[in-house]
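Trainee: Below are the structure tokens for one structure; questions will follow.
Every read-out reported here was derived from the displayed coordinates using simple, explicitly stated rules and does not represent laboratory data. None of these values were measured; they are calculated from a predicted model. Positions of Cβ are generated from backbone atoms using ideal geometry, with glycine treated the same way; all protein chains shown enter the neighbour counts.
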Amino acid sequence: MKIGTLTGGGDCPGLNAVIRAVVRTNANRGGTTLGFLEGWRGVISGEHIELTVEATDDIISRGGTILGSSRTNPFKDDESVARVLATIESVELDALIAIGGDDTLGVAHQLNAQHGVPTIGIPKTIDNDLSSTDVTFGFDTSINVVMEAVDRLRTTAESHRRVMVIETMGRHAGWITCFAGVSTAADYILVPEEAPDIDRMCNLLKERREAGKMYGIVIVSEGVTLPEANGFITRDTEIDEFGHVKLGGIGDIIAELIETRTGIETRVVTLGHLQRGGAPSAYDRVLGTRLGVHAARLAHDGQFGQMVSLRGTRITSVMLADAVGELRVLEAEFMDEAGEFFT
Ligand code: F6P
């Protein structure tokens with residue numbers, strides 16, 4: 001069986017573990033695997049490399065993706081779709097495994113549903129915001145990066161009796177912020193799922209200072225909006241081929257509000273792509289491996305139009321049609337538990 005694979009959207013630690021597992025599982029059954037370069041852009045252009053067991057054996061510990069990635073959307077025009085179909089035919093693919101988030105997997109779904117392409121999806125994102133899977137690989141490494149950064153920022157905040165505001169990624173879901181907030185004993189978190197209560201946050205910071213805690217940690221998601229800001233805070237007006245804006249800047253606004261309203265000296269750190277970089281955690285290496293194994297097995301079993309997913313501790317699969325298009329926001333029970341510490 002000739003399987004093609006690609007990595008699309010924002011990169012994250014664990015992608016190479018997935019690639020390695022797809023290659024090995026397919027090879028164990030006599031198959032060959034092609035890696036398309038830079039997400040869907042490589043399938044449009046036909047640019048690909050052969051992925052061998054030997055060449056991928058030690059990539060499990062490497063961050064990012066050896067194939068490169070992009071936010072290319074073939075469905076932005078008919079010619080690109082036609083070129084995708086022509087590539088698949090010319091290299092005689094028996095299956096195409098797309099590793100990505102909602103946008104990348106949405107393309108895999110459309111190719112299968114509209115053109116009968118034998119696609120399989122593997123969910124990926126540091127945002128952990130994909131419905132139909134309990135956890136996405138990339139998320140664990142990302143929250144550990146944020147945790148380590150906040151642990152460092154705590155010491156300088158303490159030394160200077162300051163409040164530190166940390167802006168995290170996560171797009172329109174607060175998973176990274178909530179898990180990082182709990183794991184670092186932050187004083188307050190702001191997530192897109194809850195309207196920010198600036199007064200409550202400032203009063204809490206003042207009360208804790210009066211009680212003797214001479215520094216503060218506030219973690220805010222990039223997707224948080226403020227009524228007076230009239231929508232998402234973005235760094236510029238550019239949008240990508242899937243219509244996403246470039247979020248960023250809310251941390252500066254929150255820091256300014258805190259300093260103005262409390263009189264406490266405040267600084268802000270935007271972690272940005274640090275949350276996407278570096279070597280994957282053991283958890284993400286294993287989860288990525290398991291997903292890759294099951295995706296290649298689905299291909300050999302002829303189960304297309306599916307996405308592999310984690311349910312509890314088991315790897316299962318769902319229809320791609322049911323897995324894309326719906327954002328998985330931070331579930332209320334997590335905010336409820338975390339809320340015990342932010343009051
Ligand atoms: O989806 C992952 C993510 O890191 C988001 O959290 C973030 O908003 C976005 O990608 C950044 O995209 P880019 O790397 O294209 O700037």
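Trainee: Could you order the peptides 189-200, 39-50 from most to least packed, using the average number of other C-beta atoms within 10 Å per residue?
Mentor: Order by mean packing, descending: 39-50, 189-200.
Trainee: Counting only C-alpha contacts under 8 Å and six or more residues apart, can you give the relative contact order of the chain as a whole percent?
Mentor: 23 percent
Trainee: Report, in whole Å, the centroid distance computed from the Cα atoms of segment 206-269 and segment 1-26.
Mentor: Each part reduced to its Cα centre gives a spacing of 36 Å.
Trainee: Something else: Kindly state, to the nearest 0.05, the FRET efficiency for GLU47 paired with GLN303, given R0 = 35 Å and r defined as their beta-carbon distance.
Mentor: E(calc), rounded to 0.05, equals 0.80.
Trainee: Test of understanding: what is the full-extension gain from HIS160 to GLN114, defined as 0.36 nm times their sequence separation minus their Cα-Cα distance?
Mentor: On the way: separation 46, 0.36 × 46 = 16.56 nm, distance 5.93 nm.
This chain segment gains 10.6 nm when fully extended.
Trainee: Further question on the same structure: Please list, or write none, the lysines whose alpha carbon is within less than 20 Å of the alpha carbon of LYS246, excluding same-chain residues fewer than 8 places away.
Mentor: Here the lysines satisfying the reach criterion relative to LYS246 are LYS76, LYS124.
Trainee: Take the Cα pairs of segment 47-154, get the Kirkwood Rh, then feed it into Stokes-Einstein at 37 °C and 0.692 mPa s and tell me D in µm²/s.
Mentor: Once the numbers are plugged in, D ends up at 202 µm²/s.
Trainee: Where both residues lie in segment 1-158, what percent of DSSP beta bridges are antiparallel, nearest 5? Don't skip to the answer; put the middle values down first.
Mentor: On the way: 4 of 19 bridges.
DSSP beta bridges in segment 1-158 are roughly 20 percent antiparallel.
Trainee: So if R0 is 35 Å, what FRET efficiency would ASN203 and ARG235 give, r being the distance between their Cβ atoms, rounded to the nearest 0.05? Don't skip to the end; give the middle numbers.
Mentor: Working: r = 30 Å, r/R0 = 0.86.
E between ASN203 and ARG235, to the nearest 0.05, is 0.70.
Trainee: Here's something else I'd like to know. If you fit an axis through the alpha-carbon atoms of helix 282-300 and take the longest principal axis of the Cα set of the chain, what angle between them do you get, 0 to 90°, nearest 10?
Mentor: Orientation of helix 282-300: about 30 degrees from the principal axis.
Trainee: Please determine, in degrees from 0 to 90 and to the nearest 10, the orientation of helix 15-28 with respect to the longest principal axis defined by the Cα atoms of the chain, where the helix direction is its Cα long axis.
Mentor: Value to nearest ten degrees: 20.
Trainee: May I pose another question? Straight-line reach from LYS206: which aspartates and glutamates have Cα under 16 Å away, leaving out those fewer than 8 places along the same chain?
Mentor: GLU158, ASP187, ASP197, GLU256, GLU259, GLU265
Trainee: Please report the Cα spread of the chain along all three principal axes, rounded to whole Å, starting with the longest.
Mentor: 69, 37, 30
Trainee: Let me ask something else. Testing the spin-label approximation: label points 7 Å from Cα along Cα→Cβ at MET147 and MET319. State their distance in nm.
Mentor: Taking the two extended label points, one gets 3.8 nm.
Trainee: Which aspartates and glutamates, on any chain, are close to LYS2 with Cα under 14 Å apart, when same-chain ones fewer than 8 places away are left out?
Mentor: Within reach: GLU50, GLU89, GLU92, ASP94, ASP301.
Trainee: Looking only at the chain, where both bridge partners belong to it, what percent of the DSSP beta bridges are antiparallel (to the nearest 5)?
Mentor: That works out to approximately 35 percent antiparallel.
Trainee: Between ALA55 and MET214, what FRET efficiency follows from the Cβ-Cβ distance if R0 is 45 Å, with the result rounded to 0.05?
Mentor: Calculated transfer efficiency: 0.25.
Trainee: Sticking with this structure for a sec: By how many degrees, between 0 and 90 and to the nearest 10, does the Cα long axis of helix 198-210 differ from the longest principal axis of the chain?
Mentor: Approximately 60 degrees, to the nearest 10.
Trainee: Helix-only mean residue ellipticity at 222 nm, the chain, DSSP H runs n ≥ 4 weighted -39,500 (n - 2.57), per residue, nearest 500. What is it?
Mentor: -12000 deg cm²/dmol
Trainee: With both partners inside segment 139-276, how many of the DSSP beta bridges are antiparallel, as a percent to the nearest 5?
Mentor: Roughly 25 percent of the beta bridges in segment 139-276 run antiparallel, per DSSP.
Trainee: May I ask you to order 79-88, 328-337 by the average number of other C-beta atoms within 10 Å around their residues, highest value first?
Mentor: 79-88, 328-337
Trainee: Shifting gears a bit: Grab the Cα-Cα distance for ASP134 and THR32, subtract it from 0.36 nm times how many residues apart they are, and report the gain in nm with one decimal. Write down the numbers at each step before the final one.
Mentor: Values: separation 102, 0.36 × 102 = 36.72 nm, distance 3.04 nm.
Net length gain for the segment: 33.7 nm.
Trainee: Same structure again: Can you give the convex hull volume of the alpha carbon atoms of segment 139-276 per residue, in Å³?
Mentor: In segment 139-276, the Cα hull volume divided by residue count equals 102 Å³.
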